[in-house]
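Data block below; observations after.
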Amino acid sequence: MAEKQNQAAYPSSPVDFTGWQRKFNELLKNGSDAHRGLQKWVQNEKRQREANIAQFNRAIEHHGLTQEAAKKLLDDREKPDSARTDLIERLYRESNPVEVKSSPLSKSDMQLISRMKRLAQEIEAFAIQIDKGPQTLSTQDGFFEVTIGALRNPCLGLSSLLSQQVDRILRPYTQAPDIIDRCLPLIFVMEDRAGLSQRECHDLIRIALLAHGCGHAEVAPFAERRESDSISRGTIRNRKRSTKQDFFDSIHTMLYGSESVKEARKNTKKPIKNGSSRDASGK
């Protein structure tokens with residue numbers, strides 16, 4: 001019953017962008033954490049786009065492209081002047097609470113996953129066939145021999161990796177997805193890439209959700225300062241840390257195998273991190 005109530009608390013249909021933006025602008029107050037965060041995000045995006053264009057111009061000059069070809073390529077680059085508009089549209093899309101209840105996997109995604117499953121089975125069968133056949137084959141001209149047996153282990157490794165990635169993609173929810181899960185990509189982009197503080201990031205997401213029609217109870221994890229503020233922010237920080245850990249484990253598995261991850265976890269009290277020295281309190 002509680003789960004149904006929580007689902008019903010979110011808007012049942014999306015707000016169109018124009019209506020959302022009007023409400024968002026009403027809620028965005030000068031001098032607020034959200035306002036400072038948005039300015040910081042936009043300035044960071046502008047600098048990044050300017051740097052990308054400068055680097056692109058150097059590459060054009062180096063390769064000696066014609067002016068017409070260069071103009072066409074530059075027209076496809078993201079413009080610094082449109083950074084604010086683009087980020088507002090992204091904030092609208094990626095904070096849409098209506099999508100909390102739906103799977104992010106599309107029909108084409110599921111088709112790719114099915115293909116990965118079949119490929120894993122076919123590669124494993126091929127590796128078994130190598131075991132049963134000749135370990136070397138002569139070249140067509142008979143000049144030298146090629147070692148076929150050397151393909152066995154790489155094939156088994158690729159088959160195992162494909163299966164692991166399918167299992168990872170289709171892993172069941174440890175809990176029903178909620179508004180924090182929906183907004184995690186935004187949190188990563190704002191805090192880790194754009195340098196927003198936690199308060200700036202959360203306040204910006206909070207008013208984006210309110211503009212979508214969420215109530216104050218639904219945006220509580222991103223709420224303004226209050227006595228329980230540290231608890232809610234700690235929950236989001238832990239969720240973010242857990243998601244990062246899953247990502248690094250996935251990369252570690254691809255490079256060194258799943259047993260290496262298990263061994264690393266067994267030999268250290270803390271999970272494998274990307275050079276972070278922050279403790280559980282975020283200090």
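Nothing in this text is a laboratory measurement; each read-out follows from the coordinates by a stated rule. Computed from a predicted structure; not experimentally measured. We place every Cβ from the backbone using ideal geometry, glycine too, and count neighbours over all the protein chains shown.
Observations on the structure shown:
- Theoretical gain in end-to-end length, residue 129 to residue 216 [0.36 nm per residue, Cα-Cα removed]: 25.2 nm
- Label-point separation, residue 48 to residue 78 (7 Å along Cα→Cβ), nm: 0.5
- Distant-in-sequence amide contacts of residue 196, defined by a placed amide H-H separation under 5 Å and a gap of 5 or more residues or a different chain, comprise 191.
- Amide H partners (placed H, <5 Å) of residue 148, local residues excluded: 136, 137
- Segment 13-45 and segment 48-123: distance between their alpha carbon centers, rounded to Å: 23
- Gyration tensor (Cα) of segment 107-169, equivalent ellipsoid semi-axes in angstrom: 31, 12, 9
- For the listed residue pairs 46/71; 107/132; 29/79, the alpha carbons are over 31 angstrom apart in 107/132.
- Using the average count of surrounding beta-carbon atoms within 10 Å as a protection proxy, the listed peptides 41-50, 139-148, 208-217, 122-131 rank, highest first, as 208-217, 41-50, 122-131, 139-148.
- Rounded FRET efficiency, nearest 0.05, which uses the C-beta distance separating residue 171 from residue 138 and R0 of 45 Å: 0.45
- Highest to lowest packing among 21-29, 64-72, 159-167, scored as the average C-beta count within 10 Å: 159-167, 21-29, 64-72
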